[in-house]
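A.B. asks: Input: one structure, supplied below.
What follows draws every value from the coordinates through simple rules; no lab data is involved. Owing to the predicted nature of the structure, the values given are computational and were not obtained by experimental measurement. Counting neighbours? That spans all protein chains shown, and the Cβs are built from the backbone with ideal geometry, glycine included.
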Amino acid sequence: MFGLFKSNPTKKMRKQYDALLEKAMHAQRNGDIKTYSLLTAQSEQLWKEIEALEQGKPKS
């Protein structure tokens, strides 16, 4: 009943993931491949953390 008021821990992480991907895209368009690869690696690590959290969560 009160599950409605619980915060979703992955929601904030997904916003960070989207922001990292957008920054990476802009870096790639500007020709900064080193920054692009660093941001992409960070976003992949964050995605693995999101997946791990979601796998541990019971499905309802």
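A.B. asks: Roughly how big is the chain's charge dipole about its Cα centre, with Cβ charges of +1 (Lys, Arg) and -1 (Asp, Glu), in debye to the nearest 20?
C.D. replies: 240 debye
A.B. asks: So, one more: If one takes the longest principal axis of the Cα atoms in the chain, at what angle in degrees, from 0 to 90 and to the nearest 10, does the Cα axis of helix 33-56 lie?
C.D. replies: In the chain, helix 33-56 runs at an angle near 10 degrees to the longest axis.
A.B. asks: A follow-up question, please. Given labels modelled 7 Å from the Cα in the Cβ direction, how far is it in nm from LYS48 to MET25?
C.D. replies: According to this spin-label approximation, the distance is 2.4 nm.
A.B. asks: If the cut-off is a Cα-Cα distance under 19 Å, which aspartates and glutamates reach LYS12, setting aside same-chain residues fewer than 8 apart in sequence?
C.D. replies: Hits, sequence-local ones excluded: GLU22, GLU44, GLU49, GLU51, GLU54.
A.B. asks: Highest first, please rank the peptides 9-15, 22-28 by the mean number of other Cβ atoms sitting within 10 Å of their residues.
C.D. replies: 22-28, 9-15
A.B. asks: Please report the base-10 log of the normalised intensity I(q)/I(0) for the chain, using a Debye sum with one equal scatterer per alpha carbon and no solvent, at each q in 0.23, 0.25 (1/Å).
C.D. replies: These q points yield log10 I(q)/I(0) values of -0.88, -0.97.
A.B. asks: Compute the acute angle (0 to 90°) between the alpha-carbon long axis of helix 9-29 and the principal axis of greatest extent of the alpha-carbon atoms of the chain; round to the nearest 10°.
C.D. replies: It works out to around 10 degrees.
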